[in-house]
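The values are calculated or read from the model by the stated rules, or taken from the named source; none is laboratory data. Computed from a predicted structure; not experimentally measured. A quick note on method: Cβ atoms are made from the backbone with ideal geometry, for glycine too, and the neighbour counts reach across all protein chains shown.
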Amino acid sequence: MNHSETLFEQAQKYIPGGVNSPVRAFKGVGGTPIFFKHAEGAYLYDEDDKRYIDYVGSWGPMIVGHSNEAIKQALHKQIDLGVGYGAPTAIETEMAKKVCELVPSIELVRMVNSGTEATMSAVRLARGYTGRDKIIKFEGCYHGHVDSLLVKAGSGALTLGVPNSPGIPASLAEHTITLTYNDSEGVRKAFEELGDQVAAVIVEPVAGNMNCIPPVPGFLETLRKVCDEHGSVLIFDEVMTGFRVSLGGAQGHYGVTPDLTALGKVIGGGLPVGAFGGKREIMEHISPLGPVYQAGTLSGNPLAMTAGLTTLNLISEEGFHDRLTEKTETLCEGFRQAAEKTGIPLTVQSAGAMFGLFFTDEPEVSRFDQVMNCDVERFKAFFQGMLKEGVYLAPSAFEAGFTSAALSDEDIAQTVAAAERVMATL
Ligand code: PMP
């Protein structure tokens, strides 16, 4: 037994499934999850001291790479000052100002502790603001484990085959309408029928929890239009795409402006952080300004704000996203060429610094049913082969991959060479 196997066995005695978040259990790919003890730059090191080039980045936050020196120094300094006070601090305002500057649709922002809290609070706010109950989401999109949103969800829920979770009252789930991602016509029809009952449409502006599916031209624009026509709130869940698809998120990249935005991952620089914000008129309904209740013991805590703000400052450097997008495209092109050389049908899609590999004959994957028709068994074999080669991909065929600024050209070349060797065995 290697160290990961021993540790996993022990973990299962005390932790359900041995993990604190289900997709980590490797159920989607088989085998034993790798236990890590150290990370630096583009690399993860497991308990047996094996090195992996990392394309998970702690599921998104590590956009500047692991153990970044500036973030570490800032955290050490804050630790010496105290790790939390449960009272206002200057850095919270600095963080809020930075977010409002980077994402202009956000006029007021509230910090929370996870992406789940961000979407949950945004949905409650939209319902409180409009006085309506119904929300529209899209099949295969994941917005955290919020009761109302865990209906036909993506990510771990999809990987484990439980997109609709037990434990959610039918009387609540009935207010969630699920439509097909990238189907503008379906959205228009739903609004013709139910438009005046719809509090909010919530969408991943690039879907990253059913692999990586960019919006087709006109889709996000249609959402904006129908929400305007029917007085519904448009929520972009940019937990994954925020500060990653571009500095201004997917909304900056595609030029469509939501009313509310949910943020997470990058905004915390690896610490537990989420945020939601948007139009002042709507955000003023949140407590203590308004009647929609929302709170958090650790919200805005100085360690999390320090890691997050330092990350946002680092990625605001001129050309950061252009360089990272270029790196991502080089990697994607490498995967395509490896597939071509080995005769493996593969479609590779990306948006900014996120990407997805689809083992399929379809030249473009834009719909959920196409995702479900991809060859999951082949993905599993590819994943395991890459793991042996020292490349850590997301352990699920339904999760987007993430790149970081710490990846060197050499890392990318090594990844592509490994991919070619593994594909030759598939
Ligand atoms: N929304 C999206 C788009 C996500 O990808 C995730 C997490 N992968 C969440 C919300 C939930 O965030 P968290 O896991 O921090 O609660």
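Among the conditions (1) within 15 Å of the ligand (Cβ to nearest atom); (2) in a loop (DSSP other than H, G, I, E, B); (3) surrounded by 17 or more Cβ atoms within 10 Å (Cβ to Cβ), Ser165 misses just one, which is (3).
Pairs linking a residue in the stretch 272-285 that is in contact (Cβ under 8 Å) with a residue 24 or more places away in the chain to a residue that is of a type in the set (Asp, Glu) and more than 11 Å from the ligand (Cβ to nearest atom), with Cβ atoms under 9 Å and 6 or more positions apart or on different chains, are Gly277/Glu107; Gly278/Glu107; Gly278/Asp259; Lys279/Glu107; Lys279/Asp259; Arg280/Glu107; Ile282/Asp259; Met283/Glu107.
Residues in the stretch 296-317 that are out of contact with any helix residue (DSSP H, G or I) (no Cβ under 8 Å at 6 or more places or on another chain) and touching a residue at least 24 places away in the same chain (Cβ under 8 Å): Thr297, Ser299, Asn301.
Scanning the stretch 183-206 for residues that are within 16 Å of the ligand (Cβ to nearest atom) and in contact (Cβ under 8 Å) with a residue 60 or more places away in the chain, which turns out farthest from Gly242 (Cα to Cα)? Across the stretch 183-206, the extreme among qualifying residues is Ala200.
Per-residue answers, yes or no, for (1) in the same structural domain as Asp46 (by TED's automatic domain parsing); (2) in a helix (DSSP H, G or I); (3) in contact with a Ser or Thr (Cβ under 8 Å, 6 or more places away or on another chain); (4) modelled with pLDDT of 95 or more:
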site	(1), (2), (3), (4)
Phe355	yes, no, yes, yes
Thr360	yes, no, yes, yes
Ser366	yes, no, no, yes
Arg378	yes, yes, no, yes
Phe382	yes, yes, no, yes
Ala394	yes, no, no, yes
Thr415	yes, yes, no, yes
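How many residues are within 16 Å of the ligand (Cβ to nearest atom) and outside any strand (DSSP E or B) if we restrict to the stretch 126-147?
Keep residues of the stretch 126-147 that are within 16 Å of the ligand (Cβ to nearest atom), which gives 126, 135-147.
This time we only want the ones that are outside any strand (DSSP E or B), so: 126, 139-147.
Residues flagged as within 16 Å of the ligand (Cβ to nearest atom) and outside any strand (DSSP E or B) within the stretch 126-147 amount to 10.
Which of the following residues is free of Cβ contacts under 8 Å to residues at least 40 places away in the same chain, more than 16 Å from the ligand (Cβ to nearest atom) and surrounded by 19 or more Cβ atoms within 10 Å (Cβ to Cβ): Thr347, Thr328? Walk me through it before giving the result.
On the way: Thr328 fails: free of Cβ contacts under 8 Å to residues at least 40 places away in the same chain.
The unique qualifying residue is Thr347.
Ile202 falls short on exactly one of the conditions (1) part of a strand (DSSP E or B); (2) of a type outside the set (Asp, Glu); (3) at pLDDT below 95, and that condition is (3). Taking the stretch 101-156 as the range and being over 16 Å from Gly278 (Cβ atoms), of a type in the set (Lys, Arg) and touching a residue at least 60 places away in the same chain (Cβ under 8 Å) as the test, the residues that pass are Arg132, Lys134, Lys137.
In the stretch 164-182 there is no residue that is without any contact (Cβ under 8 Å) to a residue 12 or more places away in the chain and closer than 26 Å to Lys380 by Cα.
Of the numbered criteria (1) part of a helix (DSSP H, G or I); (2) aliphatic (A, V, I, L, M); (3) within 14 Å of the ligand (Cβ to nearest atom), the one Met111 fails is (1).
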